[in-house]
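Participant: Okay, here's the structure, questions in a sec.
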Amino acid sequence: MATVTIDSLELAALLCSRVCHDVISPVGAIVNGLEVLEDENDASMRDFALDLIRKSSKQASARLQFARLAFGAAGSAGASIDLGDAQQVAQGMFQDDKVTLSWEAPRILLPKNNVKLLLNLIVTATNAIPRGGAIAVRASGEGDAAEFVLTAKGPNARIPAHVESLLAGASESGTIDAHAVQPYYAGMVARAADMAVTFSIDGDEVTIRAARAAT
């Protein structure tokens, strides 16, 4: 493995590509629904189009709100983010999806990088169960002593390929693409929060732990 070398402009471009990838599908569905409304007179088809627009609008909004907190500068005016806000945007991501999310964490303020790391680890947990399943999120401690434990359980659960090296800031080629930028960025956030991330797997359950890095 080689240390990833990337400048700030390329990193920003890759993160933008990642966000666009996440929202393009529901936005495209909205466009399709509007086209049906323009061209279709059948009442049942119009109802179908309206339902598609309604669901896709909620999905696009949820994904953008999640990205704003996980990747963006949300809360940049202060040093902390409410875990309740993180719970809200995380649960919004899993509406009508093949993954269910349970949340066990106090509603407290935590340093923003800790919360951003937690949200990025939820994305990683989703990738650990490609056929769907259940993700449980637990948070304990306060401030810089906060710790997170995420479990992802489902058929064919696995630790996502290369995720551990990407979190550590390395890849086989020393470069990353838009697919790999999320775990790489999560590693940057983890180091900024002075937290270490570890993985383990037992049968169909992957556990991700994030705790204060050893000194």
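The values are calculated or read from the model by the stated rules, or taken from the named source; none is laboratory data. Source: prediction; values computed, not measured. All Cβ positions, even for glycine, are placed from backbone atoms using ideal geometry, and neighbour counts span all protein chains on display. Ligands, DNA and RNA are stripped out before the accessible areas are found, and what is left, the full protein with its side chains, is counted by its heavy atoms. Shrake-Rupley method; radii C 1.70, N 1.55, O 1.52, S 1.80 Å.
Participant: Tally up the residues in segment 36-50 that are in a helix (DSSP H, G or I) and out of contact with any helix residue (DSSP H, G or I) (no Cβ under 8 Å at 6 or more places or on another chain), please. Don't jump to the end; show me each part of the working.
Facilitator: Restricting attention to segment 36-50, the residues satisfying the condition of being in a helix (DSSP H, G or I) are 36-39, 43-50.
Of the ones still in play, those that are also out of contact with any helix residue (DSSP H, G or I) (no Cβ under 8 Å at 6 or more places or on another chain) are 38-39, 43-44, 47.
Qualifying residue count for the region: 5.
Participant: Collect the residues in segment 32-58 that are surrounded by fewer than 16 Cβ atoms within 10 Å (Cβ to Cβ) and either among the small types (Gly, Ala, Ser) or in contact with a Phe, Trp or Tyr (Cβ under 6 Å, 6 or more places away or on another chain) (or both), keeping them in residue-number order.
Facilitator: Of everything in segment 32-58, those that are surrounded by fewer than 16 Cβ atoms within 10 Å (Cβ to Cβ) and either among the small types (Gly, Ala, Ser) or in contact with a Phe, Trp or Tyr (Cβ under 6 Å, 6 or more places away or on another chain) (or both) turn out to be Ala43, Ser44, Ser57.
Participant: For segment 7-27, state whether one or more residues are closer than 29 Å to Leu167 by Cα, in contact with a Pro (Cβ under 9 Å, 6 or more places away or on another chain), part of a helix (DSSP H, G or I) and aliphatic (A, V, I, L, M).
Facilitator: Here is the first cut: in segment 7-27, the ones closer than 29 Å to Leu167 by Cα are 7-26.
Restricting the remaining residues to those that are in contact with a Pro (Cβ under 9 Å, 6 or more places away or on another chain) gives none.
Scanning segment 7-27 turns up no residue that is closer than 29 Å to Leu167 by Cα, in contact with a Pro (Cβ under 9 Å, 6 or more places away or on another chain), part of a helix (DSSP H, G or I) and aliphatic (A, V, I, L, M).
Participant: Name every residue in segment 127-167 that is of a type in the set (Gly, Ala, Ser), surrounded by fewer than 18 Cβ atoms within 10 Å (Cβ to Cβ) and touching a residue at least 60 places away in the same chain (Cβ under 8 Å), in order of residue number.
Facilitator: Let us first name the residues in segment 127-167 that are of a type in the set (Gly, Ala, Ser), namely 128, 132-134, 136, 139-141, 143, 145-146, 152, 154, 157, 161, 165.
With the extra rule that they be surrounded by fewer than 18 Cβ atoms within 10 Å (Cβ to Cβ), the set shrinks to 132, 134, 136, 140-141, 143, 145, 161.
The answer is Ala145, and nothing else.
Participant: Could you please tell me which pairs satisfy a Cβ distance under 8 Å, a separation of 6+ or placement on different chains, a first residue in segment 86-115 that is in contact (Cβ under 8 Å) with a residue 60 or more places away in the chain and farther than 22 Å from Ala60 by Cα, and a second residue that is open to solvent by 50 Å² or more (accessible area, probe 1.4 Å) and among the aliphatic types (A, V, I, L, M)?
Facilitator: Sorted first by the residue in segment 86-115, then by its partner, the pairs are Pro111/Ala79; Asn113/Ala192.
Participant: Within the group Thr175, Thr198, which residue is farther than 23 Å from Val19 by Cβ and either part of a helix (DSSP H, G or I) or open to solvent by 20 Å² or more (accessible area, probe 1.4 Å) (or both)?
Facilitator: Numbers: Thr175 fails: farther than 23 Å from Val19 by Cβ.
After ruling out the rest, the residue left standing is Thr198.
Participant: Hey, any hits in segment 68-79 for a residue that's in a helix (DSSP H, G or I) and among the hydrophobic types (A, V, I, L, M, F, W, C)? Even if it seems obvious, please write down each step before you answer.
Facilitator: Of segment 68-79, the ones in a helix (DSSP H, G or I) are 68-70.
Subset that is among the hydrophobic types (A, V, I, L, M, F, W, C): 69-70.
For segment 68-79, residues in a helix (DSSP H, G or I) and among the hydrophobic types (A, V, I, L, M, F, W, C): present.
Participant: Please go through (1) in contact with a strand residue (DSSP E or B) (Cβ under 9 Å, 6 or more places away or on another chain); (2) assigned to a helix (DSSP H, G or I); (3) open to solvent by 50 Å² or more (accessible area, probe 1.4 Å) for Arg191 and return the number of the only condition it doesn't satisfy.
Facilitator: (1)
Participant: Separate question: Here are some residues: Ala29, Ala62, Ala79, Ala86. Which one is touching a helix residue (DSSP H, G or I) at 6+ places or on another chain (Cβ under 9 Å) and either exposed (fewer than 14 other Cβ atoms within 10 Å of the Cβ) or of a type in the set (Asp, Glu) (or both)? Walk me through how you get there before you give the answer.
Facilitator: Working: Ala29 fails: either exposed (fewer than 14 other Cβ atoms within 10 Å of the Cβ) or of a type in the set (Asp, Glu) (or both); Ala62 fails: either exposed (fewer than 14 other Cβ atoms within 10 Å of the Cβ) or of a type in the set (Asp, Glu) (or both); Ala86 fails: either exposed (fewer than 14 other Cβ atoms within 10 Å of the Cβ) or of a type in the set (Asp, Glu) (or both).
Exactly one of Ala29, Ala62, Ala79, Ala86 is touching a helix residue (DSSP H, G or I) at 6+ places or on another chain (Cβ under 9 Å) and either exposed (fewer than 14 other Cβ atoms within 10 Å of the Cβ) or of a type in the set (Asp, Glu) (or both), namely Ala79.
Participant: Could you look through segment 90-126, keep only residues that are basic (Lys, Arg) and open to solvent by 20 Å² or more (accessible area, probe 1.4 Å), and pick out the one that is farthest from Asp204 (Cα to Cα)?
Facilitator: Start the filter on segment 90-126 by keeping residues that are basic (Lys, Arg), which leaves 98, 107, 112, 116.
In the following step, the residues that additionally are open to solvent by 20 Å² or more (accessible area, probe 1.4 Å) were identified as 98, 107, 112.
Numbers: Lys98: 16, Arg107: 30, Lys112: 31 Å.
This residue is Lys112.
Participant: Something else now. Which residue pairs have Cβ atoms under 7 Å apart, sit 6 or more places apart or on different chains, and have a first residue in segment 39-50 that is within 15 Å of Ala29 (Cβ to Cβ) and among the small types (Gly, Ala, Ser) and a second that is modelled with pLDDT under 90 and not in a helix (DSSP H, G or I)?
Facilitator: That search, which allows pairs on different chains as well, returns Ala49/Glu40.
Participant: Within the set of pairs 6+ apart or on separate chains, which have a first residue in segment 1-19 that is farther than 15 Å from Ala70 by Cα, a second that is surrounded by fewer than 12 Cβ atoms within 10 Å (Cβ to Cβ), and C-beta atoms under 8 Å apart?
Facilitator: Met1/Glu172; Ala2/Glu172; Ala2/Ser173
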